[in-house]
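Visitor: Questions regarding the structure given below will be posed in turn.
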Amino acid sequence: MNKERFDDWQYPKIEDGKPTQYNWIVQHKDNLRLGYKTDIGAFSYINAKFGVTIEEGVQIGSHCSIYSVSTIDEKGGEVVLKKNSKLGSHSTVMPGVTIGENTIVGAHSLVLTDIPDNVVAFGIPAKVIRSIDDA
């Protein structure tokens, strides 16, 4: 994590359904657990009806959508983005999914199932491509 970039990091002011100062939106804000030194890109949307946990050091690209509830099939479940995970821009995470610690999800991915720790995953649907250690 770029230490200088986060030296003055502060928790953002979050109002239900209104853009933060960084232009991302949360619905059901009381069910959002936001870790220290997180980075959420502009125009991202988080629906935390059944809980969303974003742990410390997580980076979320712009235009991402994180859903703990699906309005299409009414499935619901907590979404967890574990410590130091990265979600590429324009990606979507569906209800009940956990993205593992240090994992990188590529841009424009659709995450329908859990992704383990320390891997690179991407696609529609997102699939594990390789271990982080397999550089």
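The values are calculated or read from the model by the stated rules, or taken from the named source; none is laboratory data. In this text, all values refer to a predicted model and were calculated from it rather than measured experimentally. For neighbour counting, all protein chains shown are included, and Cβ atoms are generated from backbone atoms with ideal geometry for every residue, glycine included.
Visitor: Condition check: part of a loop (DSSP other than H, G, I, E, B), surrounded by fewer than 19 Cβ atoms within 10 Å (Cβ to Cβ) and modelled with pLDDT of 95 or more. Does Asp73 satisfy that?
Guide: Considered against the rule, which asks whether it is part of a loop (DSSP other than H, G, I, E, B), surrounded by fewer than 19 Cβ atoms within 10 Å (Cβ to Cβ) and modelled with pLDDT of 95 or more, Asp73 comes out as no.
Visitor: Tell me which residues, restricted to the stretch 76-89, are within 11 Å of the chain's Cα centre (by Cα) and either surrounded by fewer than 17 Cβ atoms within 10 Å (Cβ to Cβ) or in a loop (DSSP other than H, G, I, E, B) (or both).
Guide: Lys82, Lys83, Asn84, Ser85, Gly88, Ser89
Visitor: Tally the residues that are under 23 Å from Ser62 (Cβ atoms) and touching a Ser or Thr at 6+ places or on another chain (Cβ under 7 Å), restricting the search to the stretch 108-120.
Guide: Here the count works out to 6.
Visitor: For Asn102, indicate whether it is touching a residue at least 40 places away in the same chain (Cβ under 8 Å) and either over 24 Å from Gln27 (Cβ atoms) or exposed (fewer than 15 other Cβ atoms within 10 Å of the Cβ) (or both).
Guide: no
Visitor: Please verify whether Ile66 is out of contact with any Phe, Trp or Tyr (no Cβ under 9 Å at 6 or more places or on another chain), closer than 20 Å to Ile124 by Cβ and either modelled with pLDDT of 95 or more or in a loop (DSSP other than H, G, I, E, B) (or both), treating the condition exactly as stated.
Guide: For Ile66, the condition - out of contact with any Phe, Trp or Tyr (no Cβ under 9 Å at 6 or more places or on another chain), closer than 20 Å to Ile124 by Cβ and either modelled with pLDDT of 95 or more or in a loop (DSSP other than H, G, I, E, B) (or both) - is not met.
Visitor: Looking at the stretch 33-42, is at least one residue in a strand (DSSP E or B), aromatic (Phe, Trp, Tyr), within 18 Å of Ile99 (Cβ to Cβ) and in contact (Cβ under 8 Å) with a residue 12 or more places away in the chain?
Guide: No, the conditions are met nowhere in the stretch 33-42.
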